[in-house]
Number of protein chains: 4
Amino acid sequence: MKSKLQPPMIIINFKTYLEATGKKAVELAKQAEKASKETGIYIAVAPQFVDIKAVAEAVEIPVFAQHIDPIKPGSNTGHVLAEAVQQTGAVGTLINHSERQMKLADIDAVIKIAKEHNLISCVCTSNPPISAAVAYLTPDIISIEPPELIGTGVAVSTEQPEAVTNTIKLVRKVNNEAVILCGAGISHGEDVKVALKLGTQGVLVASAIVKAKDPYTIIREFADATKTH
Amino acid sequence: MKSKLQPPMIIINFKTYLEATGKKAVELAKQAEKASKETGIYIAVAPQFVDIKAVAEAVEIPVFAQHIDPIKPGSNTGHVLAEAVQQTGAVGTLINHSERQMKLADIDAVIKIAKEHNLISCVCTSNPPISAAVAYLTPDIISIEPPELIGTGVAVSTEQPEAVTNTIKLVRKVNNEAVILCGAGISHGEDVKVALKLGTQGVLVASAIVKAKDPYTIIREFADATKTH
Amino acid sequence: MKSKLQPPMIIINFKTYLEATGKKAVELAKQAEKASKETGIYIAVAPQFVDIKAVAEAVEIPVFAQHIDPIKPGSNTGHVLAEAVQQTGAVGTLINHSERQMKLADIDAVIKIAKEHNLISCVCTSNPPISAAVAYLTPDIISIEPPELIGTGVAVSTEQPEAVTNTIKLVRKVNNEAVILCGAGISHGEDVKVALKLGTQGVLVASAIVKAKDPYTIIREFADATKTH
Amino acid sequence: MKSKLQPPMIIINFKTYLEATGKKAVELAKQAEKASKETGIYIAVAPQFVDIKAVAEAVEIPVFAQHIDPIKPGSNTGHVLAEAVQQTGAVGTLINHSERQMKLADIDAVIKIAKEHNLISCVCTSNPPISAAVAYLTPDIISIEPPELIGTGVAVSTEQPEAVTNTIKLVRKVNNEAVILCGAGISHGEDVKVALKLGTQGVLVASAIVKAKDPYTIIREFADATKTH
């Protein structure tokens, strides 16, 4: 149930912010759940590995890992196994975030591993041709995030609208099914609206929510912007 | 309480074995706890990241992470933050396991980060000079594991006793405090006894226990061998 | 002149074989040049970084680097700069060989850097979808090399013909210009013929030539097979 | 002959600066040679991989690689083989420069490989304990370079004298033979003098020389400062 994608959607990346670590990860996920229930918008959260299970047990909204490794069960000390992530109750994973980039063959391998384990694969990309390249590997979600805008508060949707529209155009040539998100610098409901107007199906956000004084208000603002679009 | 090292000791590395994933990680940790309580021997377990919290909540024996990253809180998607590990109830971490090797400067950084967060640092090394090199960085535990013996069932203590004794000799020239363990191929109580006789203060083990039909029996065998030494 | 691609073609990867190091790299390149002149077939050689200049000065056939880094001039100790490679007389570079894999964003960056410096970009890929993904990044050459066949003497063209034909089919949907090669296990003229018959425009080879008792004979055999196709 | 270390000494790291690429690498090496001959001071140069051979053929002063990989001859496309470096006429190599850091076990492996091939090993380190750690691996040269000062023009010798003296003190406890250099921010003859006064046996420099309008003048200034110390 949890695992069915229902765009338009919002994914909140908790990164390794202290404001979204441990108990605070659970609290933040609950605020996302509240906003999701109130608005009906699909909101997923991506906490740190060690927090996934507690978050997945505390909320009914979808929980993603921030990364999984291209490995099978066995001798892989310190790596992240898809089976282990799945058993925590997570339903998906980010892949190739600009802060955790992977080799091309590994992106392909992890998308396949995710499929085998019914995990939603959300691959992050940095420009339109790379997005189109990834589209060929058939992930469930492609999220374009120009790395130079991450954490700046300058939204990709308003600053680089052509990056977003070109991504959509190139991806759709080869892949009609992947959900297309955008991220980087998304700070206001208006940024979300512009992102959706450009043709995306939602946003991947982090600091604007995680580091907000009142995260619920911002999540709700984003969800409302998504809804009224 | 949990965090005080009491050698002789045994650390069980769960790696990414399915036999030690999710609920099975908790079960295995409970068997280790049983053996520890019965024998009084310090036994720690190192489950996968996503399982640390559930394991730490289920048992009173010390729980280690298998790795942490040389990062501070912030924008580090997909990385392992010391603060997050600590908040799960873990008391230490493996560092530089041969399956998760790190750059030299990162080993140094993670040992310092571990100290700042009251996490026990257990650095894995592959030969005596490298062990001595690491000794200078003052980790709490140094565990020598010749990579060519890992998973073979051929014990480092019987196959390469001189690697073990040379490690102890070289390490002690510069560091009198670090606990010295050995690992790789440890399969029988006898291997543990030999390891202790050579001067180590315990063992780091994985497959011999995790993949055993009856892990408790093996853990108990190892703990008894440690005790009667 | 040197830099114009003229398929069908053969690229010989010298890897780090001693048989193709230093003076032996120059000798081997001369044998490739002889076969190229005699048959009219485009044969390029890819020696180690330190040998590129001597090889490029000794022969008139095209010389490729085995890798370049996604960097600009500056503080990059120990890295491979496109400008430096170009100044040696090399005309192209391998990218993302299975023994030197790169992050997706870095493959994209190096293809662009190669274009800026008039270097032919030859990206190695491991399966058809990855080949198609790379096609979107518009390299000059795409060479499919299933890693499990590299160095086996079992030719990709005879063992995995569908990998080759699927690659061609998928790549051509998005890219009509890239030269498509295949590699891995190519050992006999017959393997080359099959590769061409499947629709490739040549082969990327290594051990079959470099480790041959009489490399010239094998190069000539491959060139003849390419010609009579 | 070339390979005998004669401290006090200066190593000039060409990095990937355009001012030290191709023909300019040879020219710069000649200016270093001129200063070396005039002053009798041991001055080595470390050009990019592709330039090593031309530089080594053009000058009589020692030439270093900027990095070698922990590999043996064979299937290692895009890697740097010690044997190949040696055959160019290079006599040594930098290892673990802060811009090309290595795993601990790889540093150990490369130091051994360098010894086997009569190449001088110069390991770069970032702080005193790491320097002492490396000392146990018995490289020929240890060069401490606090990364935060690299390229700043603020000299390690004047800014962090205690980092230099602590390095010497810690290294000498375990290793009496390694030559100890310092680097990072060395810009003036005075910085060199201070470095030698603190007890080092020379400096590892880059931008101050490579990016100088008149590199010879600066090299000569450094060599004179080394001599009159």
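Which members of region A:146-162 meet the condition of being more than 10 Å from every other protein chain (Cβ to nearest Cβ) and open to solvent by 10 Å² or more (accessible area, probe 1.4 Å)?
So in region A:146-162, the residues more than 10 Å from every other protein chain (Cβ to nearest Cβ) come out as A:146, A:148-149, A:152-162.
Passing the criteria: A:Glu148, A:Leu149, A:Thr152, A:Gly153, A:Val154, A:Thr158, A:Glu159, A:Gln160, A:Pro161, A:Glu162.
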(message) Take C:Ile180 and tell me if it is in contact with a strand residue (DSSP E or B) (Cβ under 6 Å, 6 or more places away or on another chain) and either part of a helix (DSSP H, G or I) or within 21 Å of C:Lys15 (Cβ to Cβ) (or both).
(response) no
(message) I'd like the full set of residues that are of a type outside the set (A, V, I, L, M, F, W, C) and touching a Pro at 6+ places or on another chain (Cβ under 7 Å), limited to region C:77-98.
(response) C:Glu83, C:Gly92, C:Ser98
(request) Using the structure shown, decide if B:Val156 is more than 30 Å from A:Val205 (Cα to Cα) and not aromatic (Phe, Trp, Tyr). (result) yes
(message) Please verify whether A:Glu19 is charged (D, E, K, R), more than 23 Å from A:Ile141 (Cα to Cα), open to solvent by 30 Å² or more (accessible area, probe 1.4 Å) and touching a residue at least 24 places away in the same chain (Cβ under 8 Å), treating the condition exactly as stated.
(response) yes
(request) Identify, by number, the condition in (1) at pLDDT 95 or above; (2) of a type outside the set (A, V, I, L, M); (3) open to solvent by 30 Å² or more (accessible area, probe 1.4 Å); (4) in contact with a helix residue (DSSP H, G or I) (Cβ under 6 Å, 6 or more places away or on another chain) that A:Pro215 doesn't meet. (result) (3)
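If I filter region C:133-145 down to residues being of a type outside the set (A, V, I, L, M, F, W, C) and farther than 16 Å from A:Pro129 by Cβ, which single residue comes out as farthest from the other protein chains (Cβ to nearest Cβ)? If you could, list the steps in order and put the result at the bottom.
Initial filter on region C:133-145 (of a type outside the set (A, V, I, L, M, F, W, C)): C:136, C:138-140, C:143, C:145.
Checking which are farther than 16 Å from A:Pro129 by Cβ leaves us with C:143, C:145.
On the way: C:Ser143: 12, C:Glu145: 10 Å.
Result: C:Ser143.
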(message) Conditions first: (1) at pLDDT below 90; (2) surrounded by fewer than 23 Cβ atoms within 10 Å (Cβ to Cβ). B:Ala184 passes all but one, so which condition is the exception?
(response) (2)
(message) So D:Pro139 ticks every box in (1) of a type outside the set (A, V, I, L, M, F, W, C); (2) more than 18 Å from the chain's Cα centre (by Cα); (3) closer than 27 Å to B:Asn96 by Cα but one. Which box is left unticked?
(response) (2)
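From the list B:Gln87, B:Gln101, pick out the single residue that is open to solvent by 20 Å² or more (accessible area, probe 1.4 Å), farther than 24 Å from A:Gly74 by Cβ, of a type in the set (S, T, N, Q) and out of contact with any Cys (no Cβ under 7 Å at 6 or more places or on another chain). Give the derivation first.
Details: B:Gln101 fails: farther than 24 Å from A:Gly74 by Cβ.
Step by step, each of B:Gln87, B:Gln101 is checked, and only B:Gln87 is open to solvent by 20 Å² or more (accessible area, probe 1.4 Å), farther than 24 Å from A:Gly74 by Cβ, of a type in the set (S, T, N, Q) and out of contact with any Cys (no Cβ under 7 Å at 6 or more places or on another chain).
Hey, any hits in region A:24-36 for a residue that's open to solvent by less than 10 Å² (accessible area, probe 1.4 Å) and at the interface with chain B (Cβ under 10 Å from one of its Cβ atoms)? Please lay out each step first, then the result.
So the first thing to find is which residues in region A:24-36 are open to solvent by less than 10 Å² (accessible area, probe 1.4 Å), and the list is A:25, A:28-29, A:32, A:35.
After this cut, where a residue has to be at the interface with chain B (Cβ under 10 Å from one of its Cβ atoms) as well, the list is A:25.
Within region A:24-36, one or more residues are open to solvent by less than 10 Å² (accessible area, probe 1.4 Å) and at the interface with chain B (Cβ under 10 Å from one of its Cβ atoms).
Yes/no matrix, rows are residues, columns are (1) at pLDDT below 90; (2) of a type outside the set (A, V, I, L, M); (3) touching a Gly at 6+ places or on another chain (Cβ under 8 Å):
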| residue | (1), (2), (3) |
| --- | --- |
| B:Ala135 | no, no, no |
| B:Thr138 | no, yes, no |
| B:Val156 | yes, no, yes |
| B:Glu162 | yes, yes, no |
| B:Leu170 | no, no, no |
| B:Asn176 | no, yes, no |
| B:Lys193 | no, yes, no |
| B:Phe222 | no, yes, yes |
(message) Just the residues that are among the polar types (S, T, N, Q) and buried (at least 23 other Cβ atoms within 10 Å of the Cβ), please, taken from region C:51-76.
(response) C:Gln66
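Can you tell me which of C:Leu170, C:Leu137 is farther than 23 Å from C:Ala25 by Cβ and either among the aromatic types (Phe, Trp, Tyr) or buried (at least 24 other Cβ atoms within 10 Å of the Cβ) (or both)? Reasoning before the result, please.
Values: C:Leu170 fails: either among the aromatic types (Phe, Trp, Tyr) or buried (at least 24 other Cβ atoms within 10 Å of the Cβ) (or both).
Result of the check over C:Leu170, C:Leu137: C:Leu137.
Of C:Val174, C:Val164, which residue is touching a Cys at 6+ places or on another chain (Cβ under 6 Å) and in contact (Cβ under 8 Å) with a residue 12 or more places away in the chain? Break it down stepwise before answering.
Values: C:Val174 fails: touching a Cys at 6+ places or on another chain (Cβ under 6 Å).
Step by step, each of C:Val174, C:Val164 is checked, and only C:Val164 is touching a Cys at 6+ places or on another chain (Cβ under 6 Å) and in contact (Cβ under 8 Å) with a residue 12 or more places away in the chain.
The values are calculated or read from the model by the stated rules, or taken from the named source; none is laboratory data. Values in this document were obtained by computation on a predicted structure and should not be read as measured data. No Cβ is skipped: glycine too gets one built from the backbone with ideal geometry, and neighbour counts run over all protein chains shown. To get the accessible areas, we keep the full protein, side chains included, count just its heavy atoms, and leave off ligands, DNA and RNA. Shrake-Rupley method; radii C 1.70, N 1.55, O 1.52, S 1.80 Å.
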